[in-house]
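Novice: Please find one structure pasted underneath; my questions will follow.
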Amino acid sequence: MKTGIEDLIDQAINTLKQQGILDAALQPAIQVTRTRDVAHGDFASNIAMMLAKPAGMNPRQLAQNLIDALPQNEHVHKVEIAGPGFINFFIHQQTTLDIIRTILDRGDRFGTSEIGHGEKVQIEFVSANPTGPLHVGHGRGAAYGATVASLMRAVGYDVDCEYYVNDAGRQMNILAVSVWLRYLQQLDVDIAFPSNGYKGDYILEIAAELVEKRGGVYVYNASQVMDGIPPDEVDGGDKEIHIDALIERARQLLGEKDYRAVFEAGLDSILADIADDLEEFGVHYDIWYSEQTLADRKLIEKAVQQLQDAGHIYENKGALWFRSTAFGDEKDRVVIRDNGQATYFASDIAYHMDKFARGFDRVINIWGADHHGYVPRVKAAINALGEDDSKLDILLVQFAILYRGGERVQMSTRSGSFVTLRELRDEVGNDAARFFYVMRKCEQHMDFDLDLAKSQSNDNPVYYIQYAHARVCSVLRQLAEKNLSHDIEAGNDKLELLTESHETELTLQLAKYPEVVEKAAINADPHLLVHYLRELANQFHTYYNAHQFIVEDDAIRNARLNLISAASQVIHNGLKLLGVSAPESM
RNA sequence: GCGCCCGUAGCUCAGCUGGAUAGAGUACAGGCCUCCGAAGCCUGGGGUCGGUGGUUCAAAUCCACUCGGGCGCGCCA
């Protein structure tokens, strides 16, 4: 309907151009919005005010000219000029009510569209280091990414979800050593655990598993492990130097094969845990992309070489630098260190090069906001490689700030003091967790009150929406008990009986749903859908309290049951996009 | 110091690609179950949209400056 009105205005403008009233060169962006006040009709356009200046006319006069030039349309029953020059459109009641029929016809498909034209989109999100279980901070990125993916699929994009597994690099070696040292401790080797190691309980479990499967094959005595290792922080040394030395020692003693086995015991166990966690959370990935394979496939060398060939690399102090300042970055960045190792950034350049090589029309990265300083250099690299950086969107998600008992919860992965996503899910349920995470726009800092989220109180907005759905189901169940029927076809033929103001408002809200989904998808703003559903639920509850649906009059009953069925269908569809269930009773 | 994000009702937040009297939840004060589920509904009070200046017919929305809060500025990942 909205685009239909835009077309009407466009035709009117063309008519005025032919009449010489408007300059033929004008290319106005036609804006049509739904009105907030029913007195202003259903839709309004500010086009006359936008064009008043270039046309050299006063807006109300121009609005009148436009109205005179508007083609007739069967759905529009009245057009008015209002205020400083708004053009208000009033839609026939029957046209509005027809949306109910449409919703019931389309069912689960209502709200989907093809505006994405099957464009291939890749969304990469979470991509947490596999050094421990996901915590509640990752949960927000997971819920947000999965919801954006659903929304985009709903409007016709071909979306792939990807998790970039950082399975190379120093953190993973620290993990391997952490596992090994816990393993040794469990086999009674008297050894201190490094202050910089991963201290979480999950390391103990991985070590125990290793003991069970491989027995003592990785055992060395304390002096073999510790002799000559520089002191840890607690002994007045440097924790970084200490743990790096331990990594080297582990490699020497175990040899590459056994070291790799310990390393993979840690990696595989944690990655499997993350994958299960996400799957249970309703977050599905199409691809798990290993950072290690970039090196294995020589893609990092290739990327650096390509930058070098293009003249964007120079050498300084034994390292290779990418001249990212030539592409708007603050400073140049090292890609190959003086010790010959590639930096994380070099891997990331190769990774993005490969994303583009895989033929996506659009690439979306969802990062924690603490990585925002990283954006310019990645965009710089993409430009330097001759790709179009407008195909890459980097969306930054602020971490949720947790509160427990009114106090902020401090979290650190390394020290093991964090709330895991799994704990959160167990306590508040997947529905509430998914819903809470996308309730706020992503760049907004979010206060996540654990006590509130855990409490099964009616403060929880997800219940409110689910309750509306369950209430409709309950009404439909009541029918049988009262020996009354619901005839959808008969109801569709009597929609004009829905004349109560509550019915009109609820119907209008239902008609907005496809527009909300579209806007939420295009802007990657799931919270728009959340707010919409809350409003819809509110209008349903209001209607419910004001009128009876199960009435003796067959025509009114069927029409009303069609309306509330349509409402529950839209709630069901909307919740599904959010990854939240729509229970039939609760 | 430089860069990015955020300052809207007591609290948590919408509204921000400029549009008609600034919204919701919560909290607070009242009212509504012989009636389809009260996890609900209705009514009410509550605001210098952080501040100042600018652009515009029109600014919470755009621009500049400024004050507050968060984050980032490694040959870490």
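Novice: Angle, helix A:344-357 long axis vs. longest principal axis of chain A, Cα atoms, 0 to 90°, nearest 10?
Specialist: 40 degrees
Novice: Tell me, what is the FRET efficiency for A:Thr33 and A:Ile550 to the nearest 0.05, using R0 = 25 angstrom and their Cβ-Cβ distance as r?
Specialist: Taking R0 as 25 Å, the efficiency between A:Thr33 and A:Ile550 is 0.10.
Novice: Same structure again: Going by Cα centres, the stretch A:219-262 and the stretch A:96-158 are how many Å apart?
Specialist: Distance between centres, Cα-based: 46 Å.
Novice: May I ask you to compute the full-extension gain from A:Asn538 to A:His117, defined as 0.36 nm times their residue separation minus their alpha-carbon distance, rounded to one decimal in nm? If you can, show how the numbers build up before the last one.
Specialist: Details: separation 421, 0.36 × 421 = 151.56 nm, distance 3.39 nm.
Taking 0.36 nm per residue and subtracting the Cα distance, the gain is 148.2 nm.
Novice: Quick one: pull the percent of accessible area on chain A belonging to carbon and sulfur, 1.4 Å probe, ligands and nucleic acids left out.
Specialist: Values: 12420 of 26550 Å².
C and S atoms contribute 47 percent here.
Novice: How big is the dipole moment of the stretch A:460-578 about its Cα centre under a simple scheme where the beta carbon of each Lys and Arg is +1, that of each Asp and Glu is -1, and everything else is neutral? Debye, nearest 20, please.
Specialist: 480 debye
Novice: If each DSSP helix of 4+ residues adds -39,500 (n - 2.57) and the sum is divided by the residues in chain A, what number results at 222 nm, nearest 500 deg cm²/dmol? Working shown, then result.
Specialist: Numbers: 21 runs with 304 residues, N = 586.
Value at 222 nm, helices only, nearest 500: -17000 deg cm²/dmol.
Novice: Any chance you could check the Cα centroid distance between the stretch A:57-71 and the stretch A:4-40 for me, in angstrom?
Specialist: What the calculation gives is 9 Å, centre to centre.
Novice: Greater than 32 Å separation of Cα atoms is the criterion. Which listed pairs, A:Lys298/A:Lys441; A:Lys78/A:Lys391; A:Lys355/A:Lys441; A:Lys355/A:Lys576; A:Lys239/A:Lys391, meet it?
Specialist: Numbers: A:Lys298/A:Lys441 39 Å; A:Lys78/A:Lys391 43 Å; A:Lys355/A:Lys441 27 Å; A:Lys355/A:Lys576 29 Å; A:Lys239/A:Lys391 42 Å.
Cα-Cα > 32 Å for A:Lys298/A:Lys441; A:Lys78/A:Lys391; A:Lys239/A:Lys391; rest within.
Novice: Determine the dipole magnitude for chain A: charges of +1 sit on the beta-carbon of Lys and Arg, -1 on that of Asp and Glu, nothing else is charged, the reference point is the Cα centre, and the result goes in debye to the nearest 20. Can you show the working numbers first?
Specialist: Numbers: 56 positive and 86 negative charges, 182 e Å.
About 880 debye.
Novice: In addition: Between the stretch A:545-581 and the stretch A:297-352, how far is it from one alpha carbon centroid to the other, in angstrom?
Specialist: 59 Å
Novice: Follow-up. Can you pull the one-decimal nm distance between simple spin-label points at A:Glu256 and A:Lys239, each 7 Å off the Cα toward Cβ?
Specialist: 3.2 nm
Novice: If a/c stays under 1.5 just call it rounded; otherwise compare a/b with b/c (prolate if a/b is bigger, oblate if not). Do that for chain A, with a ≥ b ≥ c from the square roots of the Cα gyration tensor eigenvalues. Don't jump to the answer; show the numbers that get you there.
Specialist: Numbers: a/c = 3.12, a/b = 1.68, b/c = 1.86.
Oblate, since a/c reaches 1.5 and b/c is not below a/b.
Novice: Taking the Cα centre of the stretch A:2-91 as origin, sum charge times position over the Cβ atoms of Lys and Arg (+1) and Asp and Glu (-1), and report the length of that vector in debye to the nearest 20.
Specialist: On the way: 7 positive and 9 negative charges, 48 e Å.
With Lys and Arg at +1 and Asp and Glu at -1, about 240 debye.
Novice: So, one more: Counting heavy atoms of the protein chains only and a 1.4 Å probe, report the per residue accessible area for the stretch A:2-91 as a whole number of Å². Working shown, then result.
Specialist: Details: 4880 Å² over 90 residues.
That works out to 54 Å² per residue.
Novice: Would you be so kind as to identify which of A:Val570, A:Asn492, A:Leu510 lies farthest towards the positive end of the dipole of the stretch A:460-578, taking Lys and Arg as +1 and Asp and Glu as -1 on Cβ and the Cα centre as origin?
Specialist: A:Val570
Novice: Right, next: At 1.4 Å probe radius, can you tell me the per residue accessible area of the stretch A:449-586 in Å²? Intermediate results must be reported in sequence, preceding the final value.
Specialist: On the way: 6010 Å² over 138 residues.
That works out to 44 Å² for each residue.
The values are calculated or read from the model by the stated rules, or taken from the named source; none is laboratory data. Because the structure is predicted, anything quoted here is derived from the model rather than measured. Virtual Cβ from ideal backbone geometry, glycine too; neighbours counted across all protein chains shown. Side chains included, ligands, DNA and RNA excluded: accessible areas come from the protein's heavy atoms. Shrake-Rupley method; radii C 1.70, N 1.55, O 1.52, S 1.80 Å.
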